[in-house]
Amino acid sequence: IKMAFNYWDDEEEFTGEYVQESNDFPVLPHDTRVTALIDKAEWLVKKNFKNEGVEENCISLRFDIEEGEFKGQKIFKKFFIESSNEEKARKDFSMFMNIDANAGGKIKGLKRKPDEEELQRYLINKSMVIIVGLFTDKAGKEKNYLMGVSGGNSKVASKPNASAPKASATVAKKAVQKMELDDSDDIPF
């Protein structure tokens, strides 16, 4: 039997500073389409920063990129479909139901709010093409977010979609500023 090392009587001096090595993944370019499967689905109560930081129920999904140079990277999304912010709730509901459609449409078939076990049964290990966006948070760090999902006949690209329409510099700057304000919705930790 192997004995565990006893750290308690170690003579090492501690300064009070420690930074763990980060396993940060490289960020994906904006509008990248990748195949990913859902590996986590649950109901949570989280602060909805798009609704004045009010704590609300949400469905939290985690996507695991299946192949290519970004294989193993995780993309997170919280869906505040019960939010008192009706516009945000409607957008989140629409995206969530399109994810469900790509996973087989079983949740829509329930015709009621799914419980956590149903979320897991009908969404976990379902593969689909997701569209990954990129934003800069308040600290200046680039982060990815789930920008959308594509139907079954979409092509996966390792680079951003070249045929996507380009926004004007002013529109793009405003979009980045808005994303900077809303960045805490889907922080991946």
Using modelled backbone amide H atoms (1.01 Å from N, in-plane), which distant-in-sequence or interchain residues come within less than 5 Å of VAL54's amide H? ASN48
Along region 30-41, Karplus-curve 3J(HN,Hα) (6.51, -1.76, 1.60; θ = phi - 60°) to the nearest Hz, with x for Gly and Pro, reads 4, 6, 7, 10, 9, 8, 9, 10, 7, 10, 8, 8
Magnitude of the charge dipole, region 63-114, Cβ model with Lys/Arg +1 and Asp/Glu -1, debye to 20: 340
In sequence order, calculated HN-Hα J values of region 87-94 (Karplus, 6.51, -1.76, 1.60; Hz; x Gly/Pro): 5, 5, 4, 5, 4, 5, 4, 4
Entries in LYS46/LYS106; LYS74/LYS108; LYS47/LYS77 that, when Cα-Cα distance is taken, lie over 22 Å: LYS46/LYS106; LYS74/LYS108
Which FRET efficiency, nearest 0.05, do TRP43 and GLU69 yield, Cβ-Cβ r, R0 45 Å? 0.85
Please list log₁₀ I(q)/I(0) at q = 0.12, 0.13, 0.18 Å⁻¹ for region 94-148, using the Debye equation with identical point scatterers on the alpha-carbon positions. -0.38, -0.44, -0.68
Which listed residue (PHE63, SER83, LEU110) has the Cα farthest towards the positive end of the charge dipole for region 58-143, taking +1 on Lys and Arg C-beta and -1 on Asp and Glu C-beta about the Cα centre? SER83
Stretch gain in nm, segment GLU17-ARG112, where the contour uses 0.36 nm per residue and the Cα spacing is subtracted: 29.2 nm
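Each reported figure results from applying straightforward, stated rules to the coordinates on display, with no laboratory input. Small disclaimer: the values here were computed from a predicted structure and weren't measured. Note that we place each Cβ from the backbone using ideal geometry, even for glycine, and neighbour counts take in every protein chain shown.
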